[in-house]
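Q: Below is one structure. I have some questions about it.
The values are calculated or read from the model by the stated rules, or taken from the named source; none is laboratory data. Just so you know, these numbers come straight off a predicted model, no measurement behind them. Ideal geometry is used to build each Cβ from the backbone, glycine not excepted, and the neighbour counts take in all protein chains shown. Accessible surface is based on the protein model in full, side chains and every heavy atom, while ligands, DNA and RNA are left aside. Shrake-Rupley method; radii C 1.70, N 1.55, O 1.52, S 1.80 Å.
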Amino acid sequence: MPSTLDGQLAWITGGGSGIGLAGAIELARAGCRVVISGRDAAKLEEALANAGRHGVAGEALSAMPLDVADKAAVERVARELQARHGPVSILVNSAGINFPRRYWGETDGETFEKVVAVNLNGATYCTLSVLQGMRALGRGTVINVASFVGWHLSHLTGPAYTATKAGMIALSHSFNIEEGVNGLRATALCPGEVATPILKSRPVEPSAEDKARMLQEEDLGRTIRFIAELPPHVCINELVISPVFNRLYLGGQEFARR
């Protein structure tokens, strides 16, 4: 049965690894033309090779380097992307960072600004850059990869990351309030712990045993595809997904307050 996504253009930030790359692979399998972006060009080339090993290659998936915190660069890349491929109908804002020194007693304003610049401002810049094209199409899906900790507040991630992920949820609702009348929709995707490379930036990296019980990258890839494939009249405003063994409820060594 043909996918409803055949021929649609999807742009995924943070697409060099983790949730972003998993979403790119699934959307390409569904028939989308997918462009992934990230700050590291070499990492993007590695991601394309990885996708090829999963049967996704050629015109289905390409890459354009981008630092989403750079507003002018976002505008330039978005123009180039849409001039080359046409309007974006699916945007996945998956770029995100955090730092080991993240808590109130040890972080600083510069670190806070870096997290906000990527996680929240970057998602805003990218959404603005494709908005008019989506309006012209009369359809569009924005998937903001927020977090369980933006929906159920936690000590684990520190104030900057927590605030930005809560902000992404608010961005999604604001988008639906204003743009639903234009046929556009946004989902705040709020995953619990996912075994992705960002775990290496934690003050205490989870054990291999704990990672094995977390959500896996491919779980989020399939979730992103599910959201995108829903009929155009359907909007999932928030989707909260977690491991059954949810350490954000249960705790663990690295959850201990300092």
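Q: Leaving out ligands and nucleic acids, note down the accessible area per residue over region 57-118 with a 1.4 angstrom probe, in whole Å². Don't jump to the answer; show the numbers that get you there.
A: Values: 3160 Å² over 62 residues.
Spelled out: the 1.4 Å probe surface of region 57-118, per residue, equals 51 Å².
Q: Turning to a different aspect of this structure: Amide H of residue 61: which non-local residues (sequence gap of 5 or more, or other chain) have their own amide H closer than 5 Å, using H built in the peptide plane?
A: Excluding prolines and chain starts, which carry no amide H, the hits are 34.
Q: Something else: Around residue 140, which amide H atoms from residues at least 5 apart in sequence, or from another chain, sit under 5 Å from its own amide H, with H modelled in the peptide plane?
A: It is 185, by chain and number.
Q: Moving on. Expressed as a whole number of Å, what is the distance separating the alpha-carbon centroids of region 9-65 and region 82-138?
A: Centre-to-centre (Cα) distance: 17 Å.
Q: Let me ask you something else. I need the phi-derived Karplus couplings for region 8-18: 6.51 cos²θ - 1.76 cosθ + 1.60, θ = phi - 60°, integer Hz, Gly and Pro marked x.
A: Per-residue couplings from phi come out as 6, 9, 10, 10, 10, 8, x, x, x, 6, x Hz.
Q: What are the residues whose amide H is under 5 Å from the amide H of residue 241, where those residues sit 5 or more places off or on another chain and H is modelled from the backbone?
A: 190, 192
Q: Related question: Rank-order 138-145, 156-163 by packing density, defined as the average count of other C-beta atoms within 10 Å over each peptide's residues, highest first.
A: Numbers: 138-145: 23.5, 156-163: 21.1.
Answer by packing, highest mean first, reads 138-145, 156-163.
Q: If you roll a 1.4 Å probe over region 120-258 with all protein chains in place, what percent of the accessible area is carbon or sulfur? Spell out each step's value before the answer.
A: Numbers: 3530 of 6320 Å².
About 56 percent, which is the carbon plus sulfur part of the accessible surface.
Q: Sticking with this one: Could you give me the ³J(HN,Hα) list for region 62-72, computed from phi with Karplus coefficients 6.51, -1.76, 1.60 and θ = phi - 60°, whole Hz, x at Gly and Pro?
A: Couplings: 9, 9, 9, x, 6, 9, 5, 6, 9, 4, 5 Hz.
Q: Separate question: Read phi for every residue in region 23-40 and hand back ³J(HN,Hα) as whole Hz from Karplus 6.51 cos²θ - 1.76 cosθ + 1.60, θ = phi - 60°, with x for Gly and Pro.
A: x, 4, 4, 5, 5, 5, 4, 7, x, 6, 8, 10, 10, 9, 10, x, 6, 9
Q: Within the chain, what is the number of lysine pairs with alpha carbons under 22 Å apart, leaving out pairs fewer than eight places apart on the same chain?
A: For the chain, qualifying lysine pairs total 10.
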